[in-house]
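See structure below.
The values are calculated or read from the model by the stated rules, or taken from the named source; none is laboratory data. Quick caveat: nothing in here was measured; it's all calculated off a predicted structure. Neighbour counts run over all protein chains shown; Cβ positions are idealised from the backbone, glycine included.
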Amino acid sequence: MKQCISSLRLDALADLVSRMGQPAFRAKQIFHWLHQKQVTEFSQMTDQPKAFLARLEEDWTIAAPTVRRRQQSKDGTVKYLLELADGNCIETVAMQYSYGLSVCVSTQVGCRMGCRFCASTQAGRVRNLEAGEIASEIYTVQKDLNQRVSHIVLMGIGEPLDNYEAVLDFLRIISSPEGVNIGMRNISLSTCGLVPMIDRLAQEKLQITLSISLHAPNNPMRSKMMPVNDAYPVEELLAACRRYQKTTGRRISFEYSMVRGVNDSPETARELARLIRGMGAHVNLIPINPVDGSPYTATDAQNVRRFQTLLTELGVNATVRRRLGSDISAACGQLRREEAARQAAGTSPQKP
Ligand code: SAH
């Protein structure tokens, strides 16, 4: 498979252009075509010499996924099943907020983290996405909705810190003033808690929001839900979070998906408060989205509120995440899974 040229940061593109004996200004021009104009064919770069474009095309492609399925919710949320050049599918979700259009991107085809409640990981990881493929999720949404994307969350399929280099390149490309220029402060990266990678990310000193999928305040409970906890237990994860805050000066937020009878008792709320009190961190509570084949069911709204109230009383800032697209959204990863099942059964996909 050819590599995607939109995966190259401006400096890497400049190296390529100079290796090919072209004047340096071409790098910026090509970057503009790719990330501002968001062209999907080399022939659309009309200010470039034809021979140069032909040579580029021999070695490079431009990621341009096709919309395989598209579901639109009453609240405006749109969920896309996107097909990549090699036939693999990923999911991307566009959400309308008062402050703008936020897009939830996938970073891998599948995932190998094995969280018990998550649909994206059930068939494992197929491959990493390239930086340009992740960027193309944003561009596809912008084109489809004819609206500027203002915010990004790396919370789709995949574990961003398990695809570190590509994700970092993506962040640099997408926030570049030479491209779509989405500010780092408008980007959140969510991780299940790969401690060495959190430390590495801290050193980059980015202005992004780091979100930790905590989901439980102690090791027995968290290990049952998330196998990654056996490698990086709660106390190591929290220590890494504190280091991250210290190094970057940025507050962390914690994701807490609530599972009935598993992690939603008042005692658990107290334990959570003891664990993270004083960090100034924010907790996002969200009732679990039930996944086929998983024994977990969601905490009811009343108990979610009770949990939130308790945390707040104990000095921990917690909000209940508004559920957008609940009429369409199967939990993240379900659309891709349905598609795989449909292909296995030999039935044709629904047209978008
Ligand atoms: N791998 C990263 C990002 C992708 S998952 C991570 O683990 O953070 C994005 C968020 O959705 C995570 O907090 C994840 O734990 C949560 N999640 C996954 N499946 C879910 C489900 N069925 N219901 C509720 N939250 C879920």
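Please indicate, with yes or no, whether at least one residue in the stretch 131-141 is within 30 Å of residue 230 (Cα to Cα), of a type in the set (Asp, Glu) and under 15 Å from the mean Cα position of the chain (by Cα).
no
Hey, can you tell me all the residues within the stretch 75-117 that are away from the ligand (no atom under 16 Å from the Cβ) and in a loop (DSSP other than H, G, I, E, B)?
Residues satisfying the conditions are 75, 76, 84, 85, 86, 87, 88, 98, 99.
Counting only residues that are assigned to a helix (DSSP H, G or I), out of contact with any Pro (no Cβ under 9 Å at 6 or more places or on another chain) and not basic (Lys, Arg), which one in the stretch 210-233 is farthest from residue 266 (Cα to Cα)?
Once the filter is applied, the top-ranked residue is 231.
Could you grab me the full set of residues in the stretch 276-328 that are within 15 Å of the ligand (Cβ to nearest atom), under 24 Å from the mean Cα position of the chain (by Cα) and not in a loop (DSSP other than H, G, I, E, B)?
282, 283, 284, 285, 286, 287, 298, 318, 319, 320 - these are the residues of the stretch 276-328 that are within 15 Å of the ligand (Cβ to nearest atom), under 24 Å from the mean Cα position of the chain (by Cα) and not in a loop (DSSP other than H, G, I, E, B).
Please enumerate the residues belonging to the stretch 137-164 that are within 10 Å of the ligand (Cβ to nearest atom) and in a helix (DSSP H, G or I).
Within the stretch 137-164, 160, 161, 162 qualify.
Anything in the stretch 236-275 that is among the acidic types (Asp, Glu), in contact (Cβ under 8 Å) with a residue 12 or more places away in the chain and in a helix (DSSP H, G or I)? List them, or say none.
Answer for the stretch 236-275, where residues must be among the acidic types (Asp, Glu), in contact (Cβ under 8 Å) with a residue 12 or more places away in the chain and in a helix (DSSP H, G or I): 236, 271.
Among the numbered conditions (1) surrounded by fewer than 17 Cβ atoms within 10 Å (Cβ to Cβ); (2) in contact with a strand residue (DSSP E or B) (Cβ under 9 Å, 6 or more places away or on another chain); (3) at pLDDT 75 or above, tell me where residue 350 comes up short.
With (1) surrounded by fewer than 17 Cβ atoms within 10 Å (Cβ to Cβ); (2) in contact with a strand residue (DSSP E or B) (Cβ under 9 Å, 6 or more places away or on another chain); (3) at pLDDT 75 or above applied to residue 350, the lone miss is (3).
Name, by its number, the condition in (1) closer than 19 Å to residue 117 by Cα; (2) at pLDDT below 95; (3) out of contact with any Cys (no Cβ under 9 Å at 6 or more places or on another chain) that does not hold for residue 331.
(3)
Has the stretch 214-234 got any residue that is surrounded by 18 or more Cβ atoms within 10 Å (Cβ to Cβ), within 15 Å of the ligand (Cβ to nearest atom) and free of Cβ contacts under 8 Å to residues at least 24 places away in the same chain?
yes
Which members of the stretch 1-15 meet the condition of being surrounded by 11 or more Cβ atoms within 10 Å (Cβ to Cβ), touching an Asp or Glu at 6+ places or on another chain (Cβ under 9 Å) and either over 13 Å from residue 173 (Cα atoms) or of a type in the set (Asp, Glu) (or both)?
2, 3, 4
Residues being surrounded by fewer than 17 Cβ atoms within 10 Å (Cβ to Cβ) and of a type outside the set (S, T, N, Q): count how many of those fall in the stretch 54-66.
5
Between 173, 182, which is assigned to a helix (DSSP H, G or I) and either surrounded by fewer than 18 Cβ atoms within 10 Å (Cβ to Cβ) or at pLDDT 95 or above (or both)?
173
Quick check: is even one residue across the stretch 165-183 within 12 Å of the ligand (Cβ to nearest atom) and farther than 19 Å from residue 97 by Cα?
Yes; the residues of the stretch 165-183 include at least one that is within 12 Å of the ligand (Cβ to nearest atom) and farther than 19 Å from residue 97 by Cα.
Show the residue pairs that are 6+ apart or on different chains and have beta-carbon atoms under 8 Å apart, the first residue being within the stretch 10-30 and without any contact (Cβ under 8 Å) to a residue 60 or more places away in the chain, the second being exposed (fewer than 12 other Cβ atoms within 10 Å of the Cβ) and part of a loop (DSSP other than H, G, I, E, B).
Taking only residues 6 or more apart or on different chains, the pairs are 14/24; 17/23; 17/24; 18/24; 29/47.
Under 9 Å between Cβ atoms, at least 6 apart or on separate chains: pull out the pairs that start in the stretch 107-129 with a residue that is farther than 20 Å from residue 153 by Cα and end on any residue that is among the aromatic types (Phe, Trp, Tyr).
Close Cβ pairs (under 9 Å, with a partner that is among the aromatic types (Phe, Trp, Tyr)) amount to 116/296.
Scan the stretch 118-136 residue by residue and report those that are among the aliphatic types (A, V, I, L, M) and more than 16 Å from the ligand (Cβ to nearest atom).
Scanning the stretch 118-136 gives 131, 135.
Working only within the stretch 141-180, note down all residues that are in contact with an Asp or Glu (Cβ under 8 Å, 6 or more places away or on another chain) and more than 20 Å from residue 81 (Cβ to Cβ).
Matches in the stretch 141-180: 166, 168.
If I filter the stretch 190-209 down to residues being within 11 Å of the ligand (Cβ to nearest atom) and crowded, with 23+ Cβ neighbours inside 10 Å, which single residue comes out as farthest from residue 267 (Cα to Cα)?
Only one residue fits best here, namely 191.
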